[in-house]
1. List the strands (runs of 3 or more DSSP E) inside the stretch 140-257, counting only whole elements, that have at least 3 residues being closer than 22 Å to residue 114 by Cβ and either modelled with pLDDT of 95 or more or in contact with a strand residue (DSSP E or B) (Cβ under 7 Å, 6 or more places away or on another chain) (or both).
2. Does the stretch 48-57 contain any residue that is surrounded by fewer than 16 Cβ atoms within 10 Å (Cβ to Cβ), out of contact with any strand residue (DSSP E or B) (no Cβ under 7 Å at 6 or more places or on another chain) and at pLDDT below 95?
3. I'm trying to understand the selection: among the residues of the stretch 5-39, which are in a helix (DSSP H, G or I) and under 16 Å from residue 80 (Cα atoms)?
4. Give 246, 233 a once-over and let me know the one that is touching a residue at least 12 places away in the same chain (Cβ under 8 Å) and surrounded by fewer than 17 Cβ atoms within 10 Å (Cβ to Cβ).
5. When the residues of the stretch 92-144 are narrowed to those that are at positive phi and surrounded by 14 or more Cβ atoms within 10 Å (Cβ to Cβ), which ends up farthest from the ligand (Cβ to nearest atom)?
6. In the stretch 68-91, how many residues are part of a loop (DSSP other than H, G, I, E, B) and more than 6 Å from the ligand (Cβ to nearest atom)?
Ligand SMILES: C[S@@+](CC[C@H](N)C(=O)[O-])C[C@H]1O[C@@H](n2cnc3c(N)ncnc32)[C@H](O)[C@@H]1O
(Lines give C-alpha, C1' and ligand atoms only; values in the text may rest on other atoms or scores of the structure.)
Protein backbone atom coordinates (compact mmCIF):
# COMPACT_ATOMS: atom_id res chain seq x y z
CA UNK A 1 0.00 0.00 0.00
CA UNK A 2 1.50 3.34 -0.87
CA UNK A 3 1.81 6.20 1.59
CA UNK A 4 -0.96 8.31 0.06
CA UNK A 5 -3.49 5.48 0.49
CA UNK A 6 -2.35 4.97 4.09
CA UNK A 7 -2.78 8.70 4.79
CA UNK A 8 -6.30 8.60 3.28
CA UNK A 9 -7.14 5.61 5.44
CA UNK A 10 -5.96 7.29 8.65
CA UNK A 11 -7.68 10.55 7.74
CA UNK A 12 -11.01 8.76 7.26
CA UNK A 13 -10.45 6.90 10.55
CA UNK A 14 -10.00 10.22 12.44
CA UNK A 15 -13.55 11.21 11.65
CA UNK A 16 -15.09 7.73 12.04
CA UNK A 17 -17.00 6.65 15.13
CA UNK A 18 -15.03 4.29 17.39
CA UNK A 19 -17.20 2.06 19.58
CA UNK A 20 -17.04 3.45 23.13
CA UNK A 21 -18.96 0.74 25.01
CA UNK A 22 -16.74 -1.30 27.36
CA UNK A 23 -17.71 -4.87 28.27
CA UNK A 24 -18.16 -5.33 32.02
CA UNK A 25 -15.74 -8.28 31.95
CA UNK A 26 -13.07 -6.67 29.72
CA UNK A 27 -9.81 -7.77 31.38
CA UNK A 28 -7.89 -5.03 29.55
CA UNK A 29 -10.00 -2.23 31.05
CA UNK A 30 -8.25 -0.51 33.96
CA UNK A 31 -10.64 2.37 34.43
CA UNK A 32 -8.58 4.76 32.31
CA UNK A 33 -10.33 5.53 29.03
CA UNK A 34 -7.55 7.71 27.64
CA UNK A 35 -5.00 4.91 28.02
CA UNK A 36 -7.36 2.18 26.76
CA UNK A 37 -8.28 4.06 23.57
CA UNK A 38 -4.70 5.22 22.93
CA UNK A 39 -3.48 1.60 23.06
CA UNK A 40 -6.13 0.56 20.56
CA UNK A 41 -5.28 3.38 18.18
CA UNK A 42 -1.57 2.62 18.60
CA UNK A 43 -2.20 -0.91 17.35
CA UNK A 44 -4.00 0.42 14.28
CA UNK A 45 -1.04 2.70 13.56
CA UNK A 46 1.38 -0.24 13.90
CA UNK A 47 -0.71 -2.16 11.36
CA UNK A 48 -0.78 0.79 8.94
CA UNK A 49 3.01 1.08 9.22
CA UNK A 50 3.12 -2.58 8.20
CA UNK A 51 0.75 -1.97 5.29
CA UNK A 52 2.99 0.68 3.74
CA UNK A 53 5.75 -1.92 3.60
CA UNK A 54 3.71 -4.49 1.67
CA UNK A 55 2.16 -4.80 -1.78
CA UNK A 56 -1.49 -5.00 -0.73
CA UNK A 57 -3.47 -2.15 -2.33
CA UNK A 58 -6.35 -2.51 0.17
CA UNK A 59 -7.43 -4.62 3.12
CA UNK A 60 -10.48 -6.83 2.65
CA UNK A 61 -9.99 -9.50 5.32
CA UNK A 62 -8.54 -9.09 8.78
CA UNK A 63 -8.08 -11.43 11.75
CA UNK A 64 -7.70 -10.06 15.29
CA UNK A 65 -6.30 -12.85 17.48
CA UNK A 66 -6.56 -12.59 20.44
CA UNK A 67 -9.29 -9.97 20.16
CA UNK A 68 -10.11 -9.65 23.87
CA UNK A 69 -13.16 -7.43 24.26
CA UNK A 70 -12.22 -5.30 21.27
CA UNK A 71 -9.65 -2.89 22.69
CA UNK A 72 -8.01 -2.89 19.25
CA UNK A 73 -10.83 -4.33 17.14
CA UNK A 74 -13.03 -1.24 17.65
CA UNK A 75 -10.33 0.85 15.91
CA UNK A 76 -9.94 -1.73 13.15
CA UNK A 77 -13.67 -1.57 12.45
CA UNK A 78 -13.51 2.25 12.32
CA UNK A 79 -10.53 2.22 9.95
CA UNK A 80 -11.73 -0.65 7.73
CA UNK A 81 -15.52 -0.22 7.66
CA UNK A 82 -16.01 -2.50 4.63
CA UNK A 83 -13.54 -5.23 5.61
CA UNK A 84 -14.50 -8.74 6.63
CA UNK A 85 -13.24 -8.93 10.24
CA UNK A 86 -12.73 -12.17 12.14
CA UNK A 87 -12.41 -12.13 15.93
CA UNK A 88 -10.77 -15.00 17.78
CA UNK A 89 -10.07 -15.51 21.48
CA UNK A 90 -10.05 -18.38 23.93
CA UNK A 91 -12.55 -16.38 25.98
CA UNK A 92 -15.98 -16.83 24.32
CA UNK A 93 -17.41 -13.72 25.99
CA UNK A 94 -14.71 -11.64 24.28
CA UNK A 95 -15.50 -13.09 20.85
CA UNK A 96 -19.25 -12.69 21.34
CA UNK A 97 -18.85 -9.06 22.39
CA UNK A 98 -16.76 -8.21 19.31
CA UNK A 99 -19.14 -9.97 16.92
CA UNK A 100 -22.21 -8.32 18.43
CA UNK A 101 -20.81 -4.81 18.73
CA UNK A 102 -18.45 -4.56 15.78
CA UNK A 103 -19.85 -6.90 13.15
CA UNK A 104 -17.81 -9.77 11.81
CA UNK A 105 -17.19 -13.44 12.26
CA UNK A 106 -16.26 -15.06 15.55
CA UNK A 107 -14.06 -18.04 16.23
CA UNK A 108 -13.49 -19.52 19.67
CA UNK A 109 -9.82 -20.22 20.33
CA UNK A 110 -8.10 -23.46 21.24
CA UNK A 111 -5.51 -23.93 23.98
CA UNK A 112 -3.35 -25.38 21.19
CA UNK A 113 -3.61 -22.80 18.45
CA UNK A 114 -2.08 -25.16 15.89
CA UNK A 115 -5.34 -27.17 16.03
CA UNK A 116 -7.39 -24.21 14.92
CA UNK A 117 -8.13 -24.18 11.20
CA UNK A 118 -9.28 -20.81 9.93
CA UNK A 119 -11.95 -20.78 7.22
CA UNK A 120 -9.84 -18.66 4.86
CA UNK A 121 -6.62 -16.67 4.65
CA UNK A 122 -6.37 -13.02 5.68
CA UNK A 123 -4.85 -9.87 4.25
CA UNK A 124 -3.89 -8.83 7.77
CA UNK A 125 -3.44 -10.89 10.91
CA UNK A 126 -2.98 -8.83 14.07
CA UNK A 127 -1.60 -10.70 17.09
CA UNK A 128 -1.51 -8.24 19.97
CA UNK A 129 0.02 -9.53 23.18
CA UNK A 130 -0.32 -13.29 22.78
CA UNK A 131 3.29 -14.33 22.19
CA UNK A 132 4.10 -12.12 25.19
CA UNK A 133 2.56 -14.96 27.25
CA UNK A 134 4.12 -18.01 25.59
CA UNK A 135 7.33 -19.99 25.82
CA UNK A 136 9.69 -20.14 22.84
CA UNK A 137 8.40 -23.43 21.41
CA UNK A 138 4.77 -22.36 21.34
CA UNK A 139 5.71 -18.95 19.97
CA UNK A 140 7.52 -20.72 17.13
CA UNK A 141 4.73 -23.24 16.46
CA UNK A 142 1.83 -20.78 16.72
CA UNK A 143 3.56 -18.11 14.67
CA UNK A 144 4.38 -20.67 11.98
CA UNK A 145 0.77 -21.88 11.98
CA UNK A 146 -0.65 -18.36 11.70
CA UNK A 147 1.77 -17.39 8.93
CA UNK A 148 0.15 -20.12 6.84
CA UNK A 149 -3.14 -18.20 6.94
CA UNK A 150 -1.78 -14.92 5.57
CA UNK A 151 -2.86 -14.10 2.00
CA UNK A 152 -0.17 -13.71 -0.63
CA UNK A 153 1.36 -10.25 -0.12
CA UNK A 154 -0.60 -9.87 3.13
CA UNK A 155 0.97 -9.18 6.51
CA UNK A 156 1.10 -10.63 9.99
CA UNK A 157 1.72 -8.02 12.67
CA UNK A 158 2.65 -9.45 16.07
CA UNK A 159 3.88 -8.04 19.36
CA UNK A 160 6.51 -9.28 21.80
CA UNK A 161 8.02 -8.25 25.10
CA UNK A 162 11.46 -6.86 24.34
CA UNK A 163 13.84 -4.53 26.15
CA UNK A 164 11.05 -2.00 26.77
CA UNK A 165 9.39 -4.54 29.03
CA UNK A 166 12.37 -4.65 31.39
CA UNK A 167 11.80 -1.00 32.24
CA UNK A 168 8.02 -1.41 32.24
CA UNK A 169 8.23 -4.31 34.69
CA UNK A 170 10.10 -2.14 37.21
CA UNK A 171 7.16 0.23 37.29
CA UNK A 172 4.29 -2.21 36.74
CA UNK A 173 5.33 -5.74 37.77
CA UNK A 174 3.53 -8.41 35.75
CA UNK A 175 4.73 -11.50 37.62
CA UNK A 176 6.39 -12.27 40.99
CA UNK A 177 10.01 -11.26 41.54
CA UNK A 178 11.45 -14.82 41.61
CA UNK A 179 9.81 -15.72 38.32
CA UNK A 180 10.86 -12.42 36.76
CA UNK A 181 14.48 -13.05 37.76
CA UNK A 182 14.25 -16.48 36.11
CA UNK A 183 12.87 -14.86 32.92
CA UNK A 184 15.66 -12.26 32.89
CA UNK A 185 18.35 -14.88 33.41
CA UNK A 186 17.04 -17.04 30.55
CA UNK A 187 16.69 -13.94 28.36
CA UNK A 188 20.30 -12.97 29.00
CA UNK A 189 21.56 -16.51 28.40
CA UNK A 190 19.45 -17.53 25.40
CA UNK A 191 17.60 -14.46 24.12
CA UNK A 192 14.19 -15.87 25.18
CA UNK A 193 12.98 -15.97 28.77
CA UNK A 194 9.69 -17.40 29.99
CA UNK A 195 7.89 -18.37 33.22
CA UNK A 196 4.32 -19.55 33.86
CA UNK A 197 2.02 -17.43 35.99
CA UNK A 198 1.83 -19.32 39.32
CA UNK A 199 -1.85 -20.17 38.73
CA UNK A 200 -1.39 -21.11 35.05
CA UNK A 201 1.13 -23.94 35.25
CA UNK A 202 -1.39 -26.43 33.87
CA UNK A 203 -1.83 -24.64 30.56
CA UNK A 204 1.60 -22.95 30.47
CA UNK A 205 0.55 -19.36 30.20
CA UNK A 206 2.81 -16.70 31.64
CA UNK A 207 5.24 -13.96 30.69
CA UNK A 208 7.90 -14.06 27.98
CA UNK A 209 10.77 -11.74 27.13
CA UNK A 210 12.46 -12.07 23.74
CA UNK A 211 15.32 -10.42 21.88
CA UNK A 212 15.06 -9.38 18.21
CA UNK A 213 17.74 -11.99 17.43
CA UNK A 214 15.72 -14.81 19.00
CA UNK A 215 12.67 -13.74 17.01
CA UNK A 216 14.66 -13.60 13.77
CA UNK A 217 15.91 -17.09 14.50
CA UNK A 218 12.31 -18.31 14.76
CA UNK A 219 11.12 -16.33 11.73
CA UNK A 220 13.95 -17.56 9.51
CA UNK A 221 12.55 -21.06 10.06
CA UNK A 222 9.15 -20.09 8.60
CA UNK A 223 8.93 -20.68 4.87
CA UNK A 224 7.59 -18.05 2.46
CA UNK A 225 7.68 -14.99 4.72
CA UNK A 226 9.77 -11.86 4.53
CA UNK A 227 10.63 -9.71 7.55
CA UNK A 228 9.22 -6.29 6.73
CA UNK A 229 10.11 -4.65 10.04
CA UNK A 230 11.12 -5.06 13.65
CA UNK A 231 10.11 -2.03 15.68
CA UNK A 232 11.36 -1.95 19.26
CA UNK A 233 8.67 -0.53 21.57
CA UNK A 234 6.51 -0.03 18.51
CA UNK A 235 3.22 -0.50 20.38
CA UNK A 236 2.36 1.82 23.27
CA UNK A 237 6.08 2.64 23.54
CA UNK A 238 6.29 -0.76 25.22
CA UNK A 239 5.87 -3.96 23.20
CA UNK A 240 8.06 -4.73 20.19
CA UNK A 241 6.24 -5.09 16.86
CA UNK A 242 7.24 -7.49 14.10
CA UNK A 243 5.72 -7.24 10.63
CA UNK A 244 6.01 -10.31 8.40
CA UNK A 245 4.99 -10.26 4.77
CA UNK A 246 3.71 -13.37 3.00
CA UNK A 247 6.13 -12.61 0.23
CA UNK A 248 8.88 -14.80 -1.12
CA UNK A 249 11.98 -13.49 0.68
CA UNK A 250 14.03 -14.04 -2.47
CA UNK A 251 11.36 -12.83 -4.91
CA UNK A 252 11.18 -9.58 -6.90
CA UNK A 253 11.60 -6.19 -5.29
CA UNK A 254 8.65 -4.21 -3.95
CA UNK A 255 8.49 -1.51 -6.68
CA UNK A 256 8.42 1.62 -4.54
CA UNK A 257 11.08 0.56 -2.05
C1 LIG B 1 -3.13 -9.60 27.04
S2 LIG B 1 -4.67 -10.04 26.39
C3 LIG B 1 -4.65 -9.15 24.85
C4 LIG B 1 -6.01 -8.97 24.25
C5 LIG B 1 -6.08 -8.02 23.02
N6 LIG B 1 -5.17 -8.40 21.99
C7 LIG B 1 -5.79 -6.60 23.46
O8 LIG B 1 -4.71 -6.10 23.20
O9 LIG B 1 -6.64 -5.99 24.10
C10 LIG B 1 -4.40 -11.71 25.94
C11 LIG B 1 -5.64 -12.41 25.38
O12 LIG B 1 -5.25 -13.68 24.89
C13 LIG B 1 -6.34 -14.55 25.01
N14 LIG B 1 -5.82 -15.93 24.83
C15 LIG B 1 -5.05 -16.64 25.66
N16 LIG B 1 -4.78 -17.86 25.13
C17 LIG B 1 -5.37 -17.90 23.92
C18 LIG B 1 -5.46 -18.88 22.88
N19 LIG B 1 -4.88 -20.08 22.99
N20 LIG B 1 -6.16 -18.59 21.77
C21 LIG B 1 -6.77 -17.38 21.64
N22 LIG B 1 -6.73 -16.43 22.61
C23 LIG B 1 -6.04 -16.66 23.71
C24 LIG B 1 -6.89 -14.19 26.38
O25 LIG B 1 -8.21 -14.65 26.56
C26 LIG B 1 -6.78 -12.66 26.34
O27 LIG B 1 -7.96 -12.09 25.82
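The values are calculated or read from the model by the stated rules, or taken from the named source; none is laboratory data. All values reported here derive from a predicted model rather than from experimental measurement. Cβ atoms come from the backbone with ideal geometry, glycine included; neighbour counts cover every protein chain shown.
1. Numbers: elements: 150-160, 192-196, 206-210, 226-235, 239-245.
In the stretch 140-257, the matching strands (runs of 3 or more DSSP E) lie at 150-160, 192-196, 206-210, 239-245.
2. Checked against the condition, which is being surrounded by fewer than 16 Cβ atoms within 10 Å (Cβ to Cβ), out of contact with any strand residue (DSSP E or B) (no Cβ under 7 Å at 6 or more places or on another chain) and at pLDDT below 95, the stretch 48-57 yields at least one hit.
3. At the first step, the residues of the stretch 5-39 found to be in a helix (DSSP H, G or I) are 5-14, 33-39.
Across the stretch 5-39, the qualifying residues are 5, 6, 7, 8, 9, 10, 11, 12, 13, 14.
4. On the way: 246 fails: surrounded by fewer than 17 Cβ atoms within 10 Å (Cβ to Cβ).
Checking each option against the conditions leaves just 233.
5. Filtering the stretch 92-144 for residues at positive phi gives 103-104, 129.
Within this subset, residues satisfying the condition of being surrounded by 14 or more Cβ atoms within 10 Å (Cβ to Cβ) are 104, 129.
Numbers: 104: 15, 129: 4 Å.
Filtering first and then ranking leaves 104.
6. Let us first name the residues in the stretch 68-91 that are part of a loop (DSSP other than H, G, I, E, B), namely 68-72, 80-83, 90-91.
So of that shortlist, the ones also more than 6 Å from the ligand (Cβ to nearest atom) come out as 69-70, 80-83.
Residues in the stretch 68-91 being part of a loop (DSSP other than H, G, I, E, B) and more than 6 Å from the ligand (Cβ to nearest atom): 6 in total.
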